[in-house]
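What follows is calculated from the coordinates using simple rules that are stated; it is not laboratory data. The model shown is predicted, which means the values in this text are computed figures rather than measured ones. Because the Cβ atoms are built from the backbone with ideal geometry, glycine has one as well, and the counts that use them run over all protein chains shown.
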Amino acid sequence: MKILIGLLAALVIAVGGYFGTEFYIQQRVVSDVEATFAAVRASGAKAEHGKITFDLWNRTITIAGISGELTADPPASLKIGRVVASGVSRPDEKRFAASRIELTDFDASGRIGTRAGLNVSYQAPRIEISDYVGPAGPLRRLDSTNAADIYRFALEHFAAVAATSAVAPTLTTKLTSVGAAAGPGDYTYSGIALRDIKDGKIASSTVERVAFTLTMNAAGKSENLTGEIANLAAYDFDASSTLAILDPAHAKDDKYYRAYRQLTAGTYSASFQKGLTMRIDGLTVDDVSLRPSRLQFPQLMAVVEAAPPPGTTPTPEQMRDLLGKVAGIYEGIRIGSASIRGFAMDLPEGGFRLAAAGLTAFENGKIAELAIEGLEGKTPQGPVKMGRFVLKGLDIANLMRSSAELSGTRQDPSPDQLLGLLLLLESAEMSNLVAPYKSTDKPVTIDTLNVSWGQFVGPIPTRARVTVKMNGPVDASDPEPFNLLAEAGLANASVNFDLGAGWNESGQSFALEPATLDIGNVLSATARLSLSNVQRGTFSLNPLQAAIMAAQIEAGPLELTLRDAGGVDLTIAQQARQQNISREEARRALTDAISDDAMQMSSINPDVMAVAGALTRFIENPRGTLTIKLTPKGKVAMMDIIQAMKTGPVAGLGRFQVEATTGR
């Protein structure tokens, strides 16, 4: 009996000690939680909670009815129905750990910008966090009236947190707006998971599916846009990039901080009520970095505030202000590469497809290369296809600034403004374009079209090149020389054109090379031209200075080579039809006319006879080559040649040594 009484007494003492310890610890937990909420309230924010309980046996803390409100402009609020932290511990006095944290009935809301406009709210029935370790209380005092400090405060605490994962089965986002242009919208995210959270970094963030519905308002009409996105993912997020943006100490920091290693998305589809549908098979963005000097929080908010109120038409002044500010934002973002795959848009009257589109090396507001591939579409005249279109060296930021400068002006752009636009792009390329030609069923094909320029003196490029390779039908309504080909009986023509020009500053020379034109089955032509004593001032926008410098330019050698590929016979045949004579008679009439004209002009310049003789042999012997070389007799000013040619082209030849030859 004594043993039994002793055992009962020991049990009573143990149970009493357990509940006493639990009561003590619960009071300590309540005190710690109250201290945390008090610290938040001391910053000027509102923070409340309901009942707090602690289960010592399972080391579980439960806090009910959490609510908070930030008084910053714009304001924000937070509500959580209940927080349950299991397996809690205190690694030290400043740290709190839990094997699992579950939040239920999460509800957060706020407003974007200080203007009444776009309100955002987030609701999640449940959020679960595994293996959590973080601060036991606020790391510093919060300025709840300063939006930038609120974001920085949150990110600083995020950087001090570690967790194996954070998942939310569903999250709903609602957008509401008083504006006419941006209507309400609902987004439902499914299967949200964040993995390996530590030191302000997230190894991966994934969303299985996003379904959305938006109301678009334009011209007094509303229409719903619905769609979904599958398999969103972000890898290697680093909060330090955003913290630098929010820190005034980094206002002059030109270093790029990587925000994401990669962003990806699977299938995207959307449709309007009126039958328009869009689809993207996938999207990938690599190496996203931010530059604090161009993306400080006040700059970002300035862009938001510069936007005109929803539903209103911006004034030219507002557009200039907005575009100028957005240009600075572009200069603060760096993207290694970005691409979309399988873009398609279907309209009731037709649609178009893109196999791929993307950019590479976007930095300091400039894109190294922007390309689209595999375009297919329809026009009223017929289908259009294009293999590839590329813009290189596209300066987006300064393009926006130029647009802002020209926006709303009543005066025509000045020459320097127009030339300045060339600085915003280095080259354009297009290949394998097939497009309908007028009302015929024969398309025009452009195999290659390349245009490039550079080596600027002020806004004027001193190097340029154009390359074209194309073929297509011709008819009598075409401009010369294609109408002549049609009149000669050709139904189709191919053209290869390559023209390059460049200035050499050290040698003060300007050369036109290459300069080639090839019209299939007709002729090919090659020209070489050089000028000397071309000084930098020649490219001045000041007309007087440019004229003075141009007067000093001297002519260099000129060489022109024609290769007959059937054009001579075509010309002779056309002359024969028009004059109703034989081809040999037409050929003889043409050579006689050349000889007669040369005899009349030989009194001005005897060298005309040499040219006429070579041209006659070229006509008499088809499929041959005609070469004319002009070599200046000493120093010949280009202005003198231009003045001499006003009386006729033969007068200008007098200043050159002329050599004309033919061959096979």
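Checking the cross-link filter: which aspartates and glutamates have an alpha carbon closer than 12 Å to that of K274, excluding same-chain neighbours under 8 positions apart? The reachable aspartates and glutamates, counting only those whose Cα sits under 12 Å from K274, are E223, D346, E349. Starting from the Cα gyration tensor of region 552-601, take the square roots of the eigenvalues, sort them a ≥ b ≥ c, and report rounded, prolate or oblate (rounded when a/c is under 1.5, otherwise prolate if a/b is larger than b/c, else oblate). In terms of gyration-tensor shape, oblate.
For the pair region 54-99 / region 478-539, the C-alpha centres are spaced 76 Å from each other. Rounded to the nearest whole Hz, the Karplus-based 3J(HN,Hα) values (6.51 cos²θ - 1.76 cosθ + 1.60, θ = phi - 60°) of region 493-506 follow the sequence 9, 10, 10, 10, 9, 9, 10, x, 8, x, 10, 9, 5, 5, with x at glycine and proline. In a simple Cβ point-charge model (Lys, Arg +1; Asp, Glu -1; nothing else charged), region 465-663 has a dipole of about 460 debye relative to its Cα centre. Placing +1 on the Cβ of every Lys and Arg and -1 on the Cβ of every Asp and Glu, with nothing else charged, gives region 231-359 a dipole about its Cα centre of roughly 160 debye. The stretch between I581 and K198 holds 128.6 nm of extra length on full extension. This uses 0.36 nm per residue minus the Cα-Cα distance.
So what's the net charge close to P169: Lys and Arg +1, Asp and Glu -1, counting the other residues with Cβ under 14 Å from its Cβ? Provide the component values of the computation, followed by the final result.
Details: positive: R126, R209; negative: E102, D105, E128, E208.
Spelling it out: positives minus negatives among the neighbours equals -2.
Across region 446-553, Cα pairs under 8 Å and at least six residues apart give a relative contact order of 18 percent.
Each of I197, V133, L512 was scored by the projection of its Cα onto the charge dipole of the chain, and the greatest displacement toward the positive side belongs to V133; charges sit on the C-beta of Lys, Arg, Asp and Glu. Considering only A233, N542, I150, the residue lying farthest towards the positive end of the dipole of the chain is I150, judged by Cα position with unit charges set on Cβ.
Dividing the mean sequence gap of close Cα pairs (under 8 Å, 6+ apart) by how many residues the chain holds gives a relative contact order of 5 percent. Rounded to the nearest 20 debye, the dipole size of the chain about its Cα centre is 1180 debye, using +1 on the Cβ of Lys and Arg and -1 on the Cβ of Asp and Glu. Cross-link partners of K325 among aspartates and glutamates, defined as those whose alpha carbon lies under 19 angstrom from its own and excluding same-chain residues fewer than eight positions apart: D253, D254, E305, E317, E363, D395, E405.
Each of S121, V451, G500 was placed along the dipole of the chain (beta-carbon charges, centred on the mean Cα), and the one lying farthest toward the positive end is S121.
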